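Undergrad: Would you mind keeping the following structure in view while I ask a few things?
The values are calculated or read from the model by the stated rules, or taken from the named source; none is laboratory data. Note that this is a predicted model, so its numbers are computed, not measured. Don't worry about glycine lacking a Cβ; one is built from the backbone with ideal geometry, like all the others, and counts go over all protein chains shown.
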Amino acid sequence: MAKQIELQTLIDRSIRNMGSGINSIVKESAIEMIKQAYKEGIFVQITSGYRSFAEQNKLYAKGRTASGNIVTNAKGGQSNHNYGLAIDYVLLSADGKKAIWTVNEKWRRVAQIGKALGFSWGGDWMRFKDYPHLEMMGGLTLSQLQAGKRPVLVSFLSNKVSANPIKTKPVNKLLAKGTVKSKAITSKKSYNLPSGILKVTKPLTKGPQVKAVQQALASIYFYPDKGAINNGIDGYYGPKTANAVSRFQMMNGLTPDGIYGPKTKATLSKVIES
Ligand SMILES: [Zn+2]
């Protein structure tokens with residue numbers, strides 16, 4: 001059996017990925033979340049934290065003016081990551097070598113630990129779900145951040161207060177509202193979702209109807225194969241696409257059978273258009 005990844009390795013990698021511009025309370029809470037999850041045999045790594053406006057603009061260009069797939073709808077200044085107040089996480093295999101993007105019970109448990117530490121979770125948003133995303137806004141909205149305000153965050157760990165001397169709402173008034181993030185979404189895309197049934201067949205069903213489903217799922221972060229070429233959007237309804245469908249179904253109260261049909265179509269349209 002491969003050696004289990006060390007807690008310190010997860011922490012070191014996460015600190016590196018969060019960047020130097022990360023808020024100190026966000027950083028310390030993220031580390032505590034990693035520690036608590038580790039005790040439960042859940043291996044979490046932070047994949048992203050602070051992003052400069054330039055980095056955000058580069059990310060925004062992907063799939064638009066640069067090659068690749070669209071990964072964000074936020075330009076520089078429009079993401080809570082640009083203010084060092086947000087992090088993204090992923091689960092790792094026990095040996096730390098494989099990233100696991102499936103939103104399962106362990107994934108939700110990490111979100112729960114994060115929320116107990118004062119984070120809001122993107123998986124709770126009504127308008128669209130961002131399952132890897134956790135943030136601490138201290139009651140401020142994105143427009144307030146854009147206008148130069150900074151929150152005073154209170155650590156749930158040690159009652160430390162972050163260095164920004166601007167008075168704001170108490171942190172316990174902080175609610176996970178979708179309104180902040182939704183402002184960053186400017187384009188509502190329609191995906192021409194097919195009617196009828198799609199499932200894994202032999203040979204595999206392929207074509208634009210499959211691609212439309214894959215693109216729609218990817219737009220709300222249910223990638224067929226995140227990190228693969230075009231995030232696995234290839235027009236083939238294979239096991240990975242079925243897996244993305246069943247993850248979506250699981251998170252939206254449907255039977256997670258990996259079969260795309262009228263119910264999945266209806267729910268998918270609703271989630272994307274909302
Ligand atoms: Zn994020």
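Undergrad: Sort out which residues of the stretch 13-50 are without any contact (Cβ under 8 Å) to a residue 60 or more places away in the chain and away from the ligand (no atom under 16 Å from the Cβ), and write them in order of number.
TA: Correct list: R13, I15, R16, S20, I31, I34, K35, Y38, K39, G41, F43.
Undergrad: Criterion first (over 13 Å from the mean Cα position of the chain (by Cα), acidic (D, E), modelled with pLDDT of 95 or more and outside the structural domain of F248 (by TED's automatic domain parsing)) does D95 satisfy it? Steps first, answer last, please.
TA: Values: over 13 Å from the mean Cα position of the chain (by Cα): yes; acidic (D, E): yes; modelled with pLDDT of 95 or more: yes; outside the structural domain of F248 (by TED's automatic domain parsing): yes.
Considered against the rule, which asks whether it is over 13 Å from the mean Cα position of the chain (by Cα), acidic (D, E), modelled with pLDDT of 95 or more and outside the structural domain of F248 (by TED's automatic domain parsing), D95 comes out as yes.
Undergrad: Let me ask something additional. One residue is enough: does the stretch 80-91 have a residue meeting the conditions surrounded by fewer than 19 Cβ atoms within 10 Å (Cβ to Cβ) and outside any strand (DSSP E or B)?
TA: There is no residue in the stretch 80-91 that is surrounded by fewer than 19 Cβ atoms within 10 Å (Cβ to Cβ) and outside any strand (DSSP E or B).
Undergrad: Something else now. Somewhere in the stretch 188-208, is a residue hydrophobic (A, V, I, L, M, F, W, C) and under 20 Å from the mean Cα position of the chain (by Cα)?
TA: No, every residue in the stretch 188-208 fails to be hydrophobic (A, V, I, L, M, F, W, C) and under 20 Å from the mean Cα position of the chain (by Cα).
Undergrad: On to the next question. Among the candidates T241, T255, single out the residue that is surrounded by 20 or more Cβ atoms within 10 Å (Cβ to Cβ) and either modelled with pLDDT of 90 or more or β-branched (V, I, T) (or both).
TA: On inspection, the qualifying residue turns out to be T241.
Undergrad: Of the residues S24, S48, only one is in the same structural domain as K97 (by TED's automatic domain parsing) and touching an Asp or Glu at 6+ places or on another chain (Cβ under 6 Å); which?
TA: S48
Undergrad: Could you grab me the full set of residues in the stretch 202-260 that are touching a residue at least 60 places away in the same chain (Cβ under 8 Å) and of a type in the set (A, V, I, L, M)?
TA: A218, I220, I233, M250, M251, I259
Undergrad: List the helices (runs of 4 or more DSSP H) inside the stretch 1-79, counting only whole elements, that have at least 3 residues being surrounded by 14 or more Cβ atoms within 10 Å (Cβ to Cβ) and touching a Phe, Trp or Tyr at 6+ places or on another chain (Cβ under 7 Å).
TA: 7-18
Undergrad: Assuming D124 fulfils every condition listed in (1) modelled with pLDDT of 95 or more; (2) within 13 Å of the ligand (Cβ to nearest atom) apart from one, which condition is it?
TA: It is condition (2) that D124 fails.
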